[in-house]
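These notes are about the structure you will find just below.
The values are calculated or read from the model by the stated rules, or taken from the named source; none is laboratory data. These figures come from a predicted structure and were not determined experimentally. Every residue, glycine among them, receives a Cβ derived from its backbone with ideal geometry; neighbour counts consider all protein chains shown.
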Amino acid sequence: MSERMNLSERRQGVNPLGLSLLDAEDFARAISAGTEWLGANKELVNALNVFPVPDGDTGTNMHLTLLAAVREAGKTEGKTLSEIAEAAALGSLMGARGNSGVILSQLLRGFAKGIEGKVTLDTPGLARGLQVAASMAYKAVMKPVEGTMLTIARNAARSAVECMKMKLEIVPAIERILRDAQNTLDSTPEMLPALKEAGVVDAGGQGLVFFWEGCVKSVRGEPIFGKHEPLVVIPGKADVGQALRKTKEAPKEELKFRYCTEFLVKGRNLPLNMLRQNVTRFGDCVLVVGTDEVAKVHVHTNHPGQVLEHCIRMGELHEIQIDNMAYQHDEFEEARLTQNEPAFACYEKEGNAGAGLGKSINSKGQKVKKPVGVVAVATGEGISTILKSLGADIIVEGGQTMNPSIEELRDAVYEVYAKSVIILPNNSNVVLTADKVKELVPDTDIAVIPTETIPQGVSALVTFNPVADAETNKKSMKDVISQVSTGEVTYAVRDSNVNGFTIDEKDFIGIKDGELCSAGKDRDEVGMNLVSQMVDKDTSLITIYYGKDVHSEEADILAERLADIYPYLEVEVHYGGQPVYYYIISTE
């Protein structure tokens, strides 16, 4: 009886610090607030790259994964705490992007399993949930690495157990867990030499701490969209560098565009790539996914009407939702005072848009499944064309800077409509995501070839035989990708020291098979030095894919220089059109 009175008083504005239990509404509001707080600080997380390259997307991946969780949880109004946790876990699985997003989804799944059947959450329940969460996340990773978000999750679970032994109530317990998580984060550079050398803490761990911090703020009744505090705490021996400090000095950058605008476009032969490029003109956080019949559009913009007017030329608009993000805090406060209205951030009123999109993809009408199909992940017009010409049925837009979600890959598998589907992730941060698709499509034989780069994906498709069975193709593809070496030329976004190189902001850098091995002021010289470390006695072919910021004449000059140095090797040049990387180079 006293607990019910406490809950009632809190909803009337009483400070919740004496709270001993969280109910379903508290929990729903907390995960939404955590998502919102991570979203407000995602660029800080993105900046925490070991390599100073302009493709940091850990914060974006984690935020999009959590948005999917919030969206699904928003459909469970009136449900129990356990049911909300299960819904959030399902949503996070469907929306998981990148390694960090997949691990985060496993944390939410484990937590939901740990608190199964609960209608309120106390400190022992929290400890149990965090323990199962950490265990499930560790099991999801083939080779767990300490000094990452896994370590932070495990130590948070240990902290929760200590809180339970100390008989702390829920609010002081979560505050202590957050402090311990922050302390673990601060120590990650001492656990991973690469972090220490680069002067950063673990990006996934920082994202997890931001999420938990938002949850704690919610339980304490604090606003989310208030003054953003300088929350990234870097140990004295680790300086994240000038780029991160500049980001921290502009905490309100996420409100550059005020309106979160979402809708479906239904039509025929929808040009998704063109639609995506055109919508980008109106704002940021652009997401355009779907099929040639149904596309889901999401954009943050100051002119929703212009976006709608442009897209209505493509087809019919459905399920339009426009949210003013500047007033999200007011919505949270109103929800906090209304007993039966859970507070969810942007995406909450989406209804069945996601389900409808999946249904559309499943309703292609094919009567006969093809024996083997291929789904490949790629970004860049030229690269996508090459992969399709080699036999890929569906190209899922993504890779560096924007990893596709599990749901997008699942929908692509359905669209192929084959008995067996081979997925080529073509990015090291997409392999784990692709592996999880198997859980969502049990009626299709799915083989994930662990291609970590575009050149590996190209080589795998060169060996693809559409009349052979999936197992035969899987073996031949795995055999060939081990023979491919990949190099990438990009630029540095901050001053740093990596792998023995002292790098200035805007220097060109070369990366060979995931290791930084070249740096300098001249782009072609960096590329030449990179190739010199890739060529060996078994090399017979050098292939250059030039990006959207490189002219074909420039790529031809680089190829001619390489041909002069290696006259006994064949040198090919292809337009890739990829962002971020001036050149993607392969040797085989």
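Summary table below
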item: Within the stretch 184-214, considering residues that are surrounded by 22 or more Cβ atoms within 10 Å (Cβ to Cβ), in a loop (DSSP other than H, G, I, E, B) and not small (Gly, Ala, Ser), the one modelled with the lowest pLDDT; result: 200
item: Residue in the stretch 442-455 that is surrounded by fewer than 21 Cβ atoms within 10 Å (Cβ to Cβ) and hydroxyl-bearing (Ser, Thr, Tyr) present; result: yes
item: Flag if residue 468 is modelled with pLDDT of 90 or more and in contact with a strand residue (DSSP E or B) (Cβ under 8 Å, 6 or more places away or on another chain); result: no
item: Among residues of the stretch 515-528, those that are out of contact with any Leu (no Cβ under 9 Å at 6 or more places or on another chain) and outside any helix (DSSP H, G or I), counted; result: 6
item: Where a residue in the stretch 525-550 is hydrophobic (A, V, I, L, M, F, W, C) and its partner, wherever it lies, is in a loop (DSSP other than H, G, I, E, B) and surrounded by fewer than 18 Cβ atoms within 10 Å (Cβ to Cβ), with Cβ under 6 Å and at least six apart; result: 542/569
item: Residue pairs meeting the criteria (Cβ under 6 Å; at least 6 apart or on separate chains; first acidic (Asp, Glu), in the stretch 147-173; second not in a helix (DSSP H, G or I)); result: 169/20
item: Single match in 529, 497 (criterion: in contact with a helix residue (DSSP H, G or I) (Cβ under 8 Å, 6 or more places away or on another chain), more than 27 Å from residue 398 (Cβ to Cβ) and not aromatic (Phe, Trp, Tyr)); result: 497
item: Helices (runs of 4 or more DSSP H) wholly inside the stretch 12-73 that include at least 3 residues being under 22 Å from residue 129 (Cβ atoms) and either at pLDDT below 90 or in contact with a Cys (Cβ under 7 Å, 6 or more places away or on another chain) (or both); result: 24-40
item: Inter-residue pairs, beta-carbon under 6 Å, first modelled with pLDDT under 50 and in the stretch 216-232, second among the aliphatic types (A, V, I, L, M) and buried (at least 17 other Cβ atoms within 10 Å of the Cβ), 6+ apart; result: 232/44
item: Options 535, 531: the member that is part of a loop (DSSP other than H, G, I, E, B), under 17 Å from residue 560 (Cβ atoms) and outside the structural domain of residue 459 (by TED's automatic domain parsing); result: 535
item: Cβ pairs under 7 Å, 6+ apart, first in the stretch 274-285 and more than 15 Å from residue 314 (Cβ to Cβ), second hydroxyl-bearing (Ser, Thr, Tyr); result: 283/301
item: Residues (touching a Leu at 6+ places or on another chain (Cβ under 7 Å) and either under 14 Å from residue 575 (Cα atoms) or outside any strand (DSSP E or B) (or both)) located in the stretch 538-553; result: 539, 540, 544
item: Candidate set from the stretch 469-498 (those that are out of contact with any Pro (no Cβ under 8 Å at 6 or more places or on another chain) and within 21 Å of residue 198 (Cβ to Cβ)); member that is surrounded by the fewest Cβ atoms within 10 Å (Cβ to Cβ); result: 497
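Here is a yes/no grid of residues against (1) within 19 Å of the chain's Cα centre (by Cα); (2) part of a strand (DSSP E or B):
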residue	(1), (2)
377	yes, yes
384	no, no
392	no, no
396	yes, yes
412	yes, no
421	no, yes
428	yes, no
434	yes, no
437	yes, no
